[in-house]
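> Handing you this structure, nothing more for now.
The values are calculated or read from the model by the stated rules, or taken from the named source; none is laboratory data. Worth saying up front: this structure is predicted, and the values here are computed from it rather than measured. Note that we place each Cβ from the backbone using ideal geometry, even for glycine, and neighbour counts take in every protein chain shown.
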């Protein structure tokens with residue numbers, strides 16, 4: 001459900017964006033930050049708040065890589081699947097990550113900690129291979145480096 | 001060798017604060033631009049032969065000049081910075097935004113004020129979280145110091161810059177799709193006629209530029225067109241942020257004179273290939289450019305030279321293919337990307353790219369058939385320029401078409417041996 005705090009934040013963004021509809025990406029990101037993902041019910045509420053039809057907002061929401069229409073884990077592991085990382089060992093790294101987490105691309109670990117997602121070029125091609133966990137970037141990766149990073153998140157839990 | 005864009009970068013990559021930027025001469029160009037006025041400022045950009053660094057190489061002065069004068073079309077008008085850097089293999093705008101955010105902001109303020117735009121958008125990709133935080137800080141500093149807001153430097157002109165963090169889609173880097181995205185619609189492209197400078201955001205005149213292009217503007221205003229041309233080794237003015245990724249000894253980025261040879265970038269700066277590897281080919285300017293080969297190493301990296309050789313300089317960031325990496329696998333990775341990022345608006349792109357990607361996957365996994373070669377050629381032809389609203393599909397078949405030409409035997413071996421010979 002949209003809280004008053006969310007609505008206030010969305011209203012501020014809308015005022016800077018030009019029109020109510022133009023603030024819809026910001027609105028979705030604000031809500032997703034809190035709720036983790038965008039359910040059908042919430043989508044309808046956001047659409048109403050922005051004077052958009054749900055269908056119109058769904059057209060936007062389904063378009064972007066960082067808008068989740070299904071629940072995701074506590075942390076999103078986004079592995080760069082683009083060309084420079086592919087050349088530098090993406091497939092091997094992905095295999096290792098899938099084995100370590102016991103999931104395939106697009107799945108969430110049973111404990112709800114991690115969702116593994118593909119991501120397009122992260123723009124750090126000179127430091128490939130790379131991935132992001134939530135908003136943190138990790139580069140020059142190999143299997144060992146990934147295991148250490150994973151440890152950090154597991155301890156943080 | 002002068003490196004105006006990166007000269008003030010700090011050794012460990014922290015951004016310049018407003019004070020440091022001002023100490024290095026920052027925001028003087030804004031004062032000068034306001035003094036000399038629109039015609040003189042645009043004249044300087046045209047004389048400097050600044051061409052758009054987003055990939056298309058359109059002359060910046062010409063684009064700015066095409067904004068209708070305010071008296072001919074009074075009302076709102078918009079200035080947009082395309083910082084949605086998502087071309088695979090490309091990372092030049094990231095380093096500019098992270099290293100010197102005020103340089104970009106000054107370019108945006110100059111562009112907005114002299115073209116009578118009171119509202120500007122900085123369209124940033126989601127993944128650039130470090131650049132996002134640094135730009136937020138820099139925007140707040142600029143606002144505090146009076147470079148943004150009302151009556152900037154006593155000029156009577158106003159400007160607000162809105163940082164829009166996108167939610168991640170390659171398509172948004174296309175100008176008309178970016179406009180749809182900012183309006184809150186699904187970001188599909190639309191007709192380029194009328195031009196966005198006539199009818200862009202909400203149907204109003206809109207000027208859109210790439211990050212690296214705008215970073216050059218303050219320097220040109222400060223030091224003049226002749227100085228800018230003198231930086232270059234080619235007919236286009238200025239320096240260029242070149243980058244190299246792939247299995248070279250020292251992947252990275254360098255600000256070098258426009259028109260530096262590919263050989264110098266690849267061997268002197270990137271250190272050449274790693275031990276035991278040979279250069280097989282390279283994409284000169286991001287994922288959507290045609291492969292070039294060893295025989296092209298002495299070409300100058302500028303828009304016209306690379307175009308003459310049958311490719312494009314694009315973003316100027318090269319992706320290197322070595323002899324131990326499968327060219328079919330590489331092209332499959334590229335086409336998978338383009339198929340995934342196609343917005344689905346135009347039929348050839350929506351239907352064609354997934355087909356191409358699936359054929360290449362089959363080849364990689366030993367299921368390629370001889371007739372697949374013809375099907376791939378068919379797509380190169382029918383996804384070319386003029387069949388779709390935007391350049392995504394033509395860009396997607398540039399590496400495919402050139403790979404079929406240069407690495408044909410490698411494709412055929414996948415089919416005849418029913419496997420990938422590199423695996």
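> Residues that are in a loop (DSSP other than H, G, I, E, B), touching a strand residue (DSSP E or B) at 6+ places or on another chain (Cβ under 8 Å) and either within 14 Å of another protein chain (Cβ to nearest Cβ) or buried (at least 22 other Cβ atoms within 10 Å of the Cβ) (or both): does region B:339-351 have at least one?
First pass over region B:339-351, keeping only residues in a loop (DSSP other than H, G, I, E, B): B:342-346.
If we keep only those that are touching a strand residue (DSSP E or B) at 6+ places or on another chain (Cβ under 8 Å) too, we end up with none.
No.
> Please go through (1) touching a helix residue (DSSP H, G or I) at 6+ places or on another chain (Cβ under 7 Å); (2) within 14 Å of chain A (Cβ to nearest Cβ); (3) assigned to a helix (DSSP H, G or I) for residue B:354 and return the number of the only condition it doesn't satisfy.
Condition not satisfied by residue B:354: (2).
> Now, a different point. Check whether at least one residue in region B:52-71 is within 23 Å of residue B:219 (Cα to Cα), at pLDDT 95 or above and at the interface with another protein chain (Cβ under 10 Å from one of its Cβ atoms), and report yes or no.
There is no residue in region B:52-71 that is within 23 Å of residue B:219 (Cα to Cα), at pLDDT 95 or above and at the interface with another protein chain (Cβ under 10 Å from one of its Cβ atoms).
> Out of curiosity, is residue A:58 within 13 Å of chain B (Cβ to nearest Cβ), at pLDDT 95 or above and closer than 29 Å to residue A:139 by Cβ?
So residue A:58 fails the test.
> If you scan region B:85-140, which residues turn out to be over 18 Å from the mean Cα position of the chain (by Cα), closer than 27 Å to residue A:77 by Cα, in contact (Cβ under 8 Å) with a residue 24 or more places away in the chain and facing another protein chain (nearest Cβ under 8 Å)?
B:130, the sole residue that qualifies.
> In region A:21-49, how many are farther than 24 Å from residue A:76 by Cβ and facing chain B (nearest Cβ under 8 Å)?
Number of matching residues: 2.
> Let me ask you something else. Filtering region A:73-106 down to residues that are more than 14 Å from chain B (Cβ to nearest Cβ) and in a loop (DSSP other than H, G, I, E, B), which residue is farthest from the chain's Cα centre (by Cα)?
A:102
> Say we look at region A:107-127 and pick out the residues that are within 15 Å of residue A:76 (Cβ to Cβ) and exposed (fewer than 15 other Cβ atoms within 10 Å of the Cβ); which of these is nearest to the other protein chains (Cβ to nearest Cβ)?
Among those that are within 15 Å of residue A:76 (Cβ to Cβ) and exposed (fewer than 15 other Cβ atoms within 10 Å of the Cβ), it is A:112.
> Scan region A:128-148 residue by residue and report those that are part of a loop (DSSP other than H, G, I, E, B), crowded, with 19+ Cβ neighbours inside 10 Å and at the interface with chain B (Cβ under 8 Å from one of its Cβ atoms).
Residue satisfying the conditions is A:128 alone.
> Sticking with this one: Can you name the condition, by its number, that residue B:229 falls short on among (1) surrounded by fewer than 22 Cβ atoms within 10 Å (Cβ to Cβ); (2) out of contact with any strand residue (DSSP E or B) (no Cβ under 7 Å at 6 or more places or on another chain); (3) in a loop (DSSP other than H, G, I, E, B)?
Answer for residue B:229: the failing condition is (3).
> Here's something else I'd like to know. Mind checking which residues of region B:243-294 are over 24 Å from residue A:82 (Cβ atoms) and part of a loop (DSSP other than H, G, I, E, B)?
Answer for region B:243-294, where residues must be over 24 Å from residue A:82 (Cβ atoms) and part of a loop (DSSP other than H, G, I, E, B): B:258, B:259, B:260, B:275, B:276.
> Let me ask you something else. Hey, residue B:383 hits all of (1) surrounded by fewer than 21 Cβ atoms within 10 Å (Cβ to Cβ); (2) free of Cβ contacts under 8 Å to residues at least 40 places away in the same chain; (3) within 28 Å of residue B:243 (Cβ to Cβ) but one; which does it fall short on?
(1)
> Right, here's the next one. Identify all residues within region B:183-196 that are surrounded by 24 or more Cβ atoms within 10 Å (Cβ to Cβ) and either under 13 Å from residue B:343 (Cα atoms) or more than 11 Å from chain A (Cβ to nearest Cβ) (or both); write none if there are none.
B:187
> Now for a different question. In region B:3-34, what residues are exposed (fewer than 15 other Cβ atoms within 10 Å of the Cβ) and assigned to a loop (DSSP other than H, G, I, E, B)?
Matches in region B:3-34: B:7, B:10, B:11, B:12, B:13, B:14, B:17, B:24, B:25.
> Right, here's the next one. Checking the conditions here, which among B:180, B:199 is surrounded by fewer than 24 Cβ atoms within 10 Å (Cβ to Cβ), modelled with pLDDT of 95 or more and within 12 Å of chain A (Cβ to nearest Cβ)?
Just a single option satisfies the conditions, and that option is B:180.
> Going through region A:38-61 one residue at a time, which ones are over 18 Å from residue B:165 (Cβ atoms) and in a loop (DSSP other than H, G, I, E, B)?
Scanning region A:38-61 gives A:39, A:51, A:52, A:53.
> Same structure again: Pairs please, first residue from region B:317-331 and facing chain A (nearest Cβ under 8 Å) and surrounded by fewer than 24 Cβ atoms within 10 Å (Cβ to Cβ), second anywhere and assigned to a loop (DSSP other than H, G, I, E, B) and modelled with pLDDT under 95, Cβ atoms under 8 Å, 6+ apart in sequence or on different chains.
Nothing qualifies.
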